[in-house]
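Enquirer: Mind having a look at this structure? Questions to follow.
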Ligand code: RRO
């Protein structure tokens, strides 16, 4: 019998664990419809602010051999646009729950959007993005541990629906420990590791210049470059968080093997960013086929048989 990729997540069943990473192929209704019609197990909307934003000047995304660099600057169609989309989706589809990503520019803006979601008919999952690296003058929230705790305290004062947070990569055991201690205080549904590796610099040797316009070429790095960092973050938090907090693995998923590695580290769902940008929504067919082949070869019938079971030496 062929392996099943069926995934239980927050009380819902998804046909497979793959979804887009917020920001890729999810800005417009057209793109979101393409995702929901694709073989992706689930989808998430572009991180949004209360009002529509143009984002940073172009060029602001650049593909490089080992991944991508972006400084999009949170372009989005505004909170109402995405809330209406997911409400409409859930009224037509009973099987999988949609994910709505929010990224307010202040604590109050996040609380404002979440209050509206709380009072709405939305029954999906909210991902609170605490890690946008690209808004000039706005540091990534989750690198400030005190502010992170303050936001989560204020959010869970009133927010009772499933909520996860998108985290930036951490690079030190002291930071894994400190962040996990904060996250464990809250009824989080999940964390998503990782957002792009913030403020990298890619240089074109021909022009002797940078490749994206905003922030003098500095931008978030994604793709193959970031997989080891992503895996480390998934693993570090899997070992530190209470079991009720699930993990979505994001970063460097280009093949079924990358997906298998994220699952082995403990991820429940998997998000694809750079590779989806490169390949379009057919990437989800290929990834499922490749993951299934690996599982068949190893004799695994379900993901639960190996999830989180990375061996130490
Ligand atoms: O829009 C962006 O520049 C952006 C966001 Br909000 C994010 O969370 N991560 C990223 O790499 N780019």
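Enquirer: By average Cβ neighbour count within 10 Å, what is the ranking of 6-16, 118-128, 87-97 from highest down?
Expert: So the order, starting with the most tightly packed, is 118-128, 6-16, 87-97.
Enquirer: Can you report the principal axis dimensions of the range 1-42 using only the alpha carbons, biggest first, rounded to whole angstrom?
Expert: Principal extents (Cα only, largest first): 37, 23, 13 Å.
Enquirer: Order these peptides, 201-207, 230-236, by their mean beta-carbon neighbour count within 10 angstrom, highest first.
Expert: Packing proxy ranking, top to bottom: 230-236, 201-207.
Enquirer: While we're on this one: Find how many whole Å separate the alpha carbon centroid of the range 1-53 from the alpha carbon centroid of the range 91-163.
Expert: About 17 Å separates the Cα centre of the range 91-163 from the one of the range 1-53.
Enquirer: With an 8 Å Cα cut-off and a minimum separation of 6 or more residues, compute the relative contact order for the range 82-179 in percent.
Expert: 28 percent
Enquirer: Using just the C-alpha positions of the chain as equal point scatterers, what log10 of I(q)/I(0) does the Debye formula give at each q in 0.07, 0.10, 0.11, 0.16 1/Å?
Expert: -0.24, -0.51, -0.63, -1.43
Enquirer: Moving on to the next point. Mind jotting down the three principal axis lengths of the range 1-89 based on Cα atoms? Whole angstrom, largest first.
Expert: 51, 37, 22
Enquirer: What are the extents of the Cα atoms of the range 119-226 along their three principal axes, listed from largest to smallest and rounded to whole Å?
Expert: Principal extents (largest minus smallest coordinate, Cα): 53, 36, 27 Å.
Enquirer: Next up: To the nearest µm²/s, what D does Stokes-Einstein give for the range 120-176 at 37 °C and 0.692 mPa s, using the Kirkwood radius over alpha carbon pairs as Rh?
Expert: 256 µm²/s
Enquirer: Still on this structure, I have one more. Could you work out the relative contact order of the chain, using alpha carbon pairs under 8 angstrom and six or more residues apart, expressed as a whole percent?
Expert: 21 percent
Enquirer: Any idea what % of Cα-Cα pairs in the range 1-150 are farther than 26 Å?
Expert: Tail fraction, whole percent: 30.
Enquirer: Cα atoms only, the range 70-132: Rg and Dmax in Å?
Expert: 12.2, 36
Enquirer: Could I ask something else about it? Mind pulling up the Rg/Rh value for the range 193-283? Radius of gyration and Kirkwood radius, both on Cα.
Expert: 1.06
Enquirer: Let me ask another. Where Rh is the Kirkwood radius over the Cα pairs of the range 83-170, the temperature 4 °C and the viscosity 1.567 mPa s, what D in µm²/s does Stokes-Einstein return?
Expert: 94 µm²/s
Enquirer: Order of 264, 287 from fewest to most other C-beta atoms within 10 Å?
Expert: Neighbour counts put them in this order, fewest first: 264, 287.
Enquirer: Compute from the Cα atoms of the range 152-308 the Rg and the Dmax, the latter being the longest Cα-Cα distance, and quote both in angstrom.
Expert: 17.4, 54
Enquirer: Enumerate the residues in the range 36-61 having an amide nitrogen under 12 Å from the point lying 7 Å beyond the Cα of residue 106 toward its Cβ.
Expert: Output list for this probe position: empty.
Enquirer: How big is the Cα convex hull of the range 25-70 in projection, averaged over all directions, in nm²?
Expert: 4.6 nm²
Enquirer: Further, regarding this structure: Applying 1/(1 + (r/R0)^6) with R0 = 25 Å to the Cβ-Cβ distance of residue 52 and residue 90, what FRET efficiency is obtained, to the nearest 0.05?
Expert: My answer for the efficiency is 0.65.
Enquirer: Give the relative contact order (percent, whole number) for the range 216-313; include only Cα pairs under 8 Å separated by 6+ residues.
Expert: Computed value for the range 216-313: 29 percent relative contact order.
Enquirer: Across the range 246-313, how large is the tail of the calculated P(r) beyond 13 Å, expressed as a percent of all Cα pairs?
Expert: Looking at the range 246-313, the distances longer than 13 Å represent 63 percent of pairs.
Laboratory data are not the source of any read-out in this text; all were calculated from the coordinates shown. What you see is a predicted model; the values in this text were computed from it and never measured. Every residue, glycine as well, gets a Cβ built from its backbone with ideal geometry; the counts of neighbours run over all protein chains shown.
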